[in-house]
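**Q** One structure, pasted below without further comment.
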Amino acid sequence: MPESLSLPASPPASASASGALPHGGGKGRAALLMAGSCLPVLGAVLIAPVLPRMQDHFASVAGAEVLVPVVLTVPALALALLAPFAGVLVDRLGRKRLLVVATALYAVFGTAPLWLDSLGAIVASRVLVGVVEGAIMTCCTTLIGDYYTGRTRERYLALQTVCASASATAFFVIGGAVGSAGWRAPFWLYAVGLLLAPVMAAALPRPRPGGTDAAPGTGVTEERDGATGAATAAGVAELPAQVRPFPLRRLAGICVLTVFGGMVFYTVPVETAYLLDDLGVTSTGVIGLATALASAATVAGSLAFTRLPGTPESRLPAVLALCAAGFVVMGLAGNPVLLIAGGILNCVGTGILLPSLLTVAMSRLDYADRGRGTGLWTAAFFAGEFVCPLVLLGVASAAGGLAAAVGLLGIASALVSAGLLLARRRVRAVESR
């Protein structure tokens, strides 16, 4: 792994200003948070290879042709709808407690299809998987914000994207291999939550207000697991989470942009196969290679994230312009090679875009608001992913094809990029006065 994204060792307490943890165990807890962040990805792709077998098994059930694909997609919808509520629970109950409970429930709900015979019951269990995935994702991201600050936080948020992108490819392969034993077999892998939960309970420290862990003896109060507030070390308000008004206006703009960013991020993985099919490519090997190259480009973009100059917020216009260029190339592509090249260009941009959006959101949140803010951001991102195919389908029907719709999304991305650049220049002009 490149040095810019290697797991940093925890320095002594005096190094807290650099953004690292002031006492030991940094690598272990970071690895646990990365593993937890991969669990929602496992839920999204693991059973995709066995859907045809599942369809055959429930062929006699009315509406199976709709319900079986929903088994795969409904967790993402539940995650998008309920992540804000998970954020509220994070701030009220405590990050660590909710993460451990949600990870254990992930195993219970995830393995439920092993013994459920009703397709409706399986769909219901998948909704519950989405609920706990929202809690896990919100808790892991919030804890990264709690444990680290500055460039160290940026590195771990980028690493979170790298792990999610790489694990998506790995889980797809694993799901296909395990699925050869039957459509139920991949659901056994959800039991990994039972292994992670007790390790998280033992290894993750309870975060303290102020953005980073405090060294013992500093007088900073630990986060309380109940409803009361805690004293802070960095000017964080002392009101309890349920009394303190949430700074919605501070986060509204970045969340709206994140909905659009979710659409930009999800377009290439979802639509590449259809675009290749429109160009006459039906080989699953070629389609798989194109998907793998796009995934690798996303990882490369995330690896480049912390090496780029400037702040994540200042880079957003350029990153969106890069994504726009990729979409335009894809929309105009007359052959598969050019289409794949445009997809790679776009995915390099999305690999930078996702940690940039998350880092900007984190920078606007105090400790007392971080759980709710992270939940709101997570909901915005997954909402963008959910509406992406629907929006492109509607635009394609009006524009005369999917390629034209992707090209129009590129134009929209360029306009958003230009708008952000103009807004930034206006802010600078006002500040200079």
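**Q** Name the residues in region 396-407 that are out of contact with any Gly (no Cβ under 6 Å at 6 or more places or on another chain) and more than 17 Å from F265 (Cβ to Cβ), would you?
**A** Once the filter is applied, which keeps residues that are out of contact with any Gly (no Cβ under 6 Å at 6 or more places or on another chain) and more than 17 Å from F265 (Cβ to Cβ), region 396-407 yields A396, S397, A398, A399, G400, G401, L402, A404.
**Q** Also: When you go through (1) touching a residue at least 40 places away in the same chain (Cβ under 8 Å); (2) closer than 21 Å to L276 by Cβ; (3) buried (at least 24 other Cβ atoms within 10 Å of the Cβ) one by one for A403, which number turns out not to apply?
**A** So A403 meets the others, but not (3).
**Q** A further question follows. Please work out if P207 is within 14 Å of D366 (Cβ to Cβ) and at pLDDT 75 or above.
**A** The answer is yes for P207.
**Q** Another one. Got a number for residues in region 54-85 being outside any helix (DSSP H, G or I) and touching an Asp or Glu at 6+ places or on another chain (Cβ under 8 Å)?
**A** Total meeting the criteria: 0.
**Q** Would you list the helices (runs of 4 or more DSSP H) that sit entirely within region 326-433 and hold 3 or more residues that are of a type in the set (D, E, K, R), under 30 Å from T141 (Cα atoms) and within 25 Å of the chain's Cα centre (by Cα)?
**A** In region 326-433, the matching helices (runs of 4 or more DSSP H) lie at 370-399.
**Q** Restricting attention to region 153-167, report how many residues are crowded, with 24+ Cβ neighbours inside 10 Å and under 10 Å from S37 (Cα atoms).
**A** 2
**Q** What number of residues in region 86-131 are part of a loop (DSSP other than H, G, I, E, B) and of a type in the set (S, T, N, Q)?
**A** 2
**Q** Turning to a different aspect of this structure: Does R364 satisfy the criteria of being surrounded by fewer than 24 Cβ atoms within 10 Å (Cβ to Cβ) and of a type in the set (D, E, K, R)?
**A** Yes; evaluated as a whole, the condition is true for this residue.
**Q** Name the residue that is modelled with the lowest pLDDT, counting only residues in region 31-48 that are in contact with a Pro (Cβ under 8 Å, 6 or more places away or on another chain) and part of a helix (DSSP H, G or I).
**A** Per the criteria, the residue is A44.
Residue by residue, here is whether (1) out of contact with any Cys (no Cβ under 6 Å at 6 or more places or on another chain); (2) modelled with pLDDT of 80 or more; (3) within 28 Å of R92 (Cα to Cα); (4) in the same structural domain as L357 (by TED's automatic domain parsing) holds:
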residue	(1), (2), (3), (4)
A158	yes, yes, yes, no
A170	yes, no, no, no
G175	yes, no, no, no
S180	yes, no, no, no
A185	yes, yes, no, no
G193	yes, yes, yes, no
L196	yes, yes, yes, no
A203	yes, yes, yes, no
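**Q** Which of (1) aliphatic (A, V, I, L, M); (2) buried (at least 17 other Cβ atoms within 10 Å of the Cβ); (3) under 21 Å from the mean Cα position of the chain (by Cα) does A304 not meet, given it meets every other one?
**A** It fails just one condition, (2).
**Q** Is it the case that some residue within region 302-325 is part of a helix (DSSP H, G or I), farther than 21 Å from A412 by Cβ, outside the structural domain of G94 (by TED's automatic domain parsing) and without any contact (Cβ under 8 Å) to a residue 60 or more places away in the chain?
**A** Checking region 302-325: at least one residue is part of a helix (DSSP H, G or I), farther than 21 Å from A412 by Cβ, outside the structural domain of G94 (by TED's automatic domain parsing) and without any contact (Cβ under 8 Å) to a residue 60 or more places away in the chain.
**Q** Same structure, new question: Cβ-Cβ below 7 Å, separation at least six or inter-chain, first residue in region 186-203 and outside any helix (DSSP H, G or I), second at pLDDT 95 or above and exposed (fewer than 15 other Cβ atoms within 10 Å of the Cβ): which pairs?
**A** Note: no pairs meet the criteria.
**Q** Now for a different question. May I ask you to list pairs of residues, at least six apart or on different chains, whose Cβ atoms are under 9 Å apart, with the first in region 258-280 being not assigned by TED's automatic domain parsing to the domain that holds A168 and the second being acidic (D, E)?
**A** G262/E385; M263/E385; F265/E385; Y266/E385; V270/E385
The values are calculated or read from the model by the stated rules, or taken from the named source; none is laboratory data. Quantities reported herein were computed from a predicted structural model and do not represent experimental measurements. Every residue, glycine among them, receives a Cβ derived from its backbone with ideal geometry; neighbour counts consider all protein chains shown.
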